[in-house]
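Each reported figure results from applying straightforward, stated rules to the coordinates on display, with no laboratory input. Fair warning: this is a prediction, and the values are worked out from it, not measured in the lab.
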Amino acid sequence: MDFLSEDLRRMRTQPPPGCQAGPIDGNMRHWRALIKGPDDSPYEGYWYKFEIIFRDDYPLSPPRVVCNSWILHPNIASEQGGDVCISILTNWSQDSPRHIDDVFACIRALLINPSSQGGWNNLATRLLTQNRQNFIQEARRYVQRYASSSP
């Protein structure tokens with residue numbers, strides 16, 4: 001639990017830009033996070049809800065991160081409550097454990113520069129690989145329809 005306590009301290013004192021997170025109902029293994037879409041991205045200015053589930057052996061194994069907001073992104077499964085696929089989670093190393101703020105920073109980076117590799121959302125991956133501008137327009141339509149402009 002010490003590693004999780006350190007993660008919580010870091011999130012309270014030095015959160016990554018545009019990120020808020022903490023335990024749900026005091027449960028240190030189950031967190032809720034809000035991540036603001038970065039400037040110069042299709043998700044700019046809107047907030048997205050995430051849920052983080054820490055396994056018993058965290059930080060030796062990665063947390064499970066799901067997005068609880070509808071979002072069109074190749075690295076986030078298409079259904080609401082969709083798993084997030086990012087390299088920091090798939091390449092988690094027991095030799096150099098990561099902190100949750102590192103995970104949030106990676107999510108924000110992928111919001112700026114989506115990757116078609118390891119895509120979990122077929123529509124978003126296809127749009128991104130076929131025509132990036134069409135992907136951006138469609139992602140912005142999702143933002144207007146489903147995202148929240150306040151935390």
Amide hydrogen neighbours beyond the local backbone of Gly22, cut-off 5 Å, H modeled
Arg32
If I build a Gaussian network model for the chain, linking alpha-carbon pairs within less than 10 angstrom, which residue out of Cys67, Cys85, Cys106 has the largest mean-square fluctuation?
Cys106
Roughly how far apart, in whole Å, are the Cα centres of the stretch 81-141 and the stretch 26-68?
13
In degrees between 0 and 90, to the nearest 10, how far off the longest principal axis of the chain does helix 132-146 point, with axes built from Cα atoms?
70
Stretch gain in nm, segment Ser93-Tyr146, where the contour uses 0.36 nm per residue and the Cα spacing is subtracted
15.6 nm
